[in-house]
1. Which of (1) assigned to a helix (DSSP H, G or I); (2) touching a residue at least 12 places away in the same chain (Cβ under 8 Å); (3) closer than 29 Å to Leu129 by Cα; (4) among the hydrophobic types (A, V, I, L, M, F, W, C) is the odd one out, the single condition Ala246 does not satisfy?
2. Identify, please: which residue in the range 164-194 is crowded, with 19+ Cβ neighbours inside 10 Å and of a type in the set (Phe, Trp, Tyr) and is, among those, farthest from the chain's Cα centre (by Cα)?
3. Let me spell it out: the conditions are (1) at pLDDT 95 or above; (2) outside any helix (DSSP H, G or I), and Lys57 meets all of them except one. Which number is the exception?
4. Please verify whether the range 185-207 includes one or more residues that are farther than 19 Å from Ile6 by Cβ and of a type in the set (Lys, Arg).
5. Suppose we filter Phe140, Phe121 for residues that are among the aromatic types (Phe, Trp, Tyr), crowded, with 20+ Cβ neighbours inside 10 Å and in contact (Cβ under 8 Å) with a residue 40 or more places away in the chain; which single one remains?
6. Being touching a Pro at 6+ places or on another chain (Cβ under 8 Å) and not in a helix (DSSP H, G or I) is the filter; apply it to the range 60-79 and report the residue that is nearest to Gly146 (Cα to Cα).
7. For residues in the range 148-196 being hydrophobic (A, V, I, L, M, F, W, C) and in contact with a Ser or Thr (Cβ under 7 Å, 6 or more places away or on another chain), which is farthest from Phe44 (Cα to Cα)?
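The values are calculated or read from the model by the stated rules, or taken from the named source; none is laboratory data. Quantities reported herein were computed from a predicted structural model and do not represent experimental measurements. Every residue, glycine as well, gets a Cβ built from its backbone with ideal geometry; the counts of neighbours run over all protein chains shown.
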Amino acid sequence: MIRAAILQIPSVGMSESKFDYYLRIAKSKGCKVVVLGEYLLNRFFKELEKTPIEMIKEQSDHHIKTLKALAKEYGVNIIAPLVIVKKKQAYKTIVRFSPNATSYYHQQILINYKHWNEEKFFANEIKELNAPMTFTIDGFKFALMGGFELHFDSFWQDIMEKNVDAVLLPTVSTFESRERWRKLIQMRSFTNSCYVIRANRIGEYSDGKHSWNFYGDSLVVNPEGEIENSLGNQEEFLMIDLDKKAVKTARKSWGFKEALVKRK
């Protein structure tokens, strides 16, 4: 058994007091992992398009320094989406701040719709896909996945092959997508016999013509595809106990991977 947590909050700007408060609680309750939603540490994407690259870098560098220190102080792994700036180019990234090291996962597939084109804005390389980043804590294997990457089968083939126990999924879901996201996450969790921990942000952005309402609904889905717990649309902190036995039982009961291995 391992305890993780979801911190559901709006964008925080340059502030660090909120993280200190919640991470202190996480440590006191024995949490080993805390997951944040997308565009909390940086402005929302539509705002970033109009933000000077130097300002984006300053904000991200500040949060990197802060979260490194907090992860070490509280002995917690912090999973935080961040926009990393290198040579005046922005990269959409998920960072794992562990007590002893910092690791970066560059999102591999970005949204490329006309009204929301991250692929055009960010410098993330378009190339053959790699497996998502994985790491193990107390014998429990985690993987990181960008919210949009949830939709693509290739990543889930890697999740199954690597026997991942829980996928950590930061998102910035908005519009009328709540039920669609729930169904998709439940399906992925069930067919891959793993937990999915989805951290969504809250708040709102408006450009005068359209309004992006970030509705929260952060949740944890178990290996049977059932929603164990979820949050509303306010600032909340959810702690979750992840059971390795539940993962093993689901894999044995349904045998999805076993069926594929027989046919290789």
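1. (3)
2. We begin by selecting, within the range 164-194, every residue crowded, with 19+ Cβ neighbours inside 10 Å; these are 164-174, 181, 185, 188-190, 192-194.
Right, trim to of a type in the set (Phe, Trp, Tyr) and you get 181, 190.
Numbers: Trp181: 14, Phe190: 19 Å.
Result: Phe190.
3. That leaves (2) as the condition not met.
4. No, the range 185-207 has no match at all.
5. Numbers: Phe121 fails: crowded, with 20+ Cβ neighbours inside 10 Å.
Sole residue among the options that is among the aromatic types (Phe, Trp, Tyr), crowded, with 20+ Cβ neighbours inside 10 Å and in contact (Cβ under 8 Å) with a residue 40 or more places away in the chain: Phe140.
6. Looking at the filtered set, the residue picked out is Ile79.
7. First, the residues of the range 148-196 that are hydrophobic (A, V, I, L, M, F, W, C): 148, 150, 152, 155-156, 159-160, 164, 166-169, 172, 175, 181, 184-185, 187, 190, 194, 196.
Applying the additional criterion that residues be in contact with a Ser or Thr (Cβ under 7 Å, 6 or more places away or on another chain) yields 164, 181, 196.
Values: Val164: 30, Trp181: 20, Val196: 24 Å.
Once the filter is applied, the top-ranked residue is Val164.
Per-residue answers, yes or no, for (1) surrounded by 16 or more Cβ atoms within 10 Å (Cβ to Cβ); (2) of a type in the set (Lys, Arg); (3) touching an Asp or Glu at 6+ places or on another chain (Cβ under 8 Å); (4) under 22 Å from Asn213 (Cα atoms):
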site	(1), (2), (3), (4)
Phe44	yes, no, no, yes
Thr66	yes, no, yes, no
Thr102	no, no, no, no
Ile111	yes, no, yes, yes
Ala131	no, no, yes, no
